[in-house]
1. Quick one: net charge around Pro391, please, counting Lys, Arg +1 and Asp, Glu -1 for every other residue with C-beta under 12 Å from its C-beta.
2. Could you tell me how many degrees, from 0 to 90 and to the nearest 10, lie between the Cα long axis of helix 117-140 and the main elongation axis, the longest principal axis, of the Cα atoms of the chain?
3. Students often check this: by mean Cβ neighbours within 10 Å, which of 124-130, 149-155 ranks highest, and how do the rest follow?
4. Subtracting the Cα-Cα distance from 0.36 nm times the residue separation, let me have the gained length for Ile488 to Asn151 in nm, one decimal.
5. Considering the alpha-carbon set of the chain alone, what are its Rg and its Dmax in angstrom?
6. Tally the DSSP beta bridges in the chain and give the antiparallel ones as a percent, rounded to 5.
7. If you wrap region 278-470's Cα atoms in a convex hull and average its projection over all directions, what's the area in nm²?
8. Under a cut-off of 13 Å between alpha-carbon atoms, report the aspartates and glutamates in cross-link reach of Lys246, not counting same-chain residues fewer than 8 places apart.
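Derivation of every value follows stated rules applied to the coordinates shown; laboratory data play no part. Quick caveat, the model's predicted, so the values are computed rather than measured. Cβ: placed from backbone, ideal geometry, glycine included. Neighbour counts: every protein chain shown.
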Amino acid sequence: MSSNGTNGNTSSEASRLKDPSLFSTKIVIGSQRLDSHSGKTFDVVYPGDRKVIVATIPECNTQDVNDAVSSCLSTFKEFSQTTARQRSDLLRKLNDLTLANIDDLATLIVRENGKTRAEAEAEVKYAASFLSWFANMAEVGCQGETIAAANPSMRIQTIRQPIGVVACLLPWNLPLAMATRKIGPALAAGCTCIVKPAGETPLSTLAFAELVKRAGYPDGCVNVVTTLDNVAEVGKAICEHKHVRKVSLTGSTRVGKLIAQQSASTLKKLSMELGGNSPVIVMNDATIDKAITGVLLAKLRTSGQTCVAANRILVQSGIHDKFLEALKEKIKTYKQGDGEDSSTMLGPLITDRAVEKCRAHVADALEKGAELYYGPQPPSSFPDEGGFFYPPTILTGLSDDMQIATEETFGPVAAIRKFETEEEALEIANNSDVGLGAYVYTNDLRVAARMSAGIETGMIGINTGMLSACEAPFGGVKESGYGKEGSIHGMAEYQIMKSITTDVSG
Ligand SMILES: O=CCCC(=O)O
């Protein structure tokens, strides 16, 4: 293993930053910035141009995980003894540093993820909001209770304590916001974290780890291991490690099931924020402009690559044609291109696999009777060269047998289905193994109330395309996982509740 004592700042990419020392290509273990034990590396590619290598990053293995966990564990002994107020103050500093470095963090997000600068800046603010939220929550969330005991000789109390070392397994679609949504409450509770960013997007996490240090956290509070090709070994080492007491994953349902299996041997506490297949229901009485704005937000944020992206758009027959026409007119105005170009509204997808999935879903739907209402003609003609782009596309005639109806497309493909009655819409919406987000557009409060109760998802937006806020409980039902992130509930995921019974007689 080598340590050069710097942040590994060797790339010209660093010069894009106001503070080039935030460009780190080393893993973080305690006070050290290191290469991996494997000696191997992987490349981070700019999704807007597949020829551009943004950074070369260590490919970690089990030994790196073991080192990171040992460091987290030894820091936990000290950090878990800090007061909630101290942890609140630290989180506030981290929030301030995150916002002070918004330009650089946004640049790193654009370069590793491809999203537009406006989206990247919005993500940094969203990320910071979890830090300030959990700075506020730190003291309240640590409070216990006194329970009225049936036996008058007894006093029963509860205390909340940090669970221990936690693993934060991150996705690539909102790399920084998903990091802080996990690290924020973990640090507020007094836990230490081993963080594994997605292989595609490690740079914003590595920069954030530097800010953690600058905020004054003890070394070993946030350690970062990186991997792209060795993710199976690294994931297994984390999940089977007896000193990791909790795993929080944002990822696919397939990976969630694997993590749950691997974590079973040590019975870890788990939070799983997994795949979705969000239905949107647009009723005849909806305000059409509001519905179009909301649908496009839910469909195209991060180029359609969020777990709460609108995937099945159900439109009642009386408004169907008008809705389609308005959607087409609006989607046409979305300029796709380089995220750094300020006129770009839609960036590339993350990889060529993501482009291929869109292509496959569209081809499958067309084969099964859907119609291409807007998009490239023929659908497979979009160029392979350049960045990982798939153009905005509208399909009509979505039906249950199409892949797009059962799997999240994770791209800018809007699939529309006509329905007649409220009951029919509800049945289609609930015909899914997953249940994360859903959206309903109506001006009838009774319909909104019935839909809110009837839709089998963890989150519902009524007349809005945005479900996400640090104060709103985020999480799903069915195979979308369990546990809540953000909100007043998010910190308990990183705590144990201990009950203490004291005999006060005699
Ligand atoms: O993609 C998952 C998270 C999306 C969000 O927090 O808005």
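1. Cβ neighbours under 12 Å give a net charge of +3.
2. Relative to the chain, helix 117-140 is tipped by roughly 40 degrees.
3. In descending order of packing, they fall as 124-130, 149-155.
4. 118.1 nm
5. Taking only Cα atoms of the chain, I get Rg and Dmax of 23.4, 86 Å.
6. Among the beta bridges of the chain, antiparallel pairing accounts for roughly 45 percent.
7. Here the figure is 10.6 nm², rounded to one decimal.
8. Within reach: Glu493.
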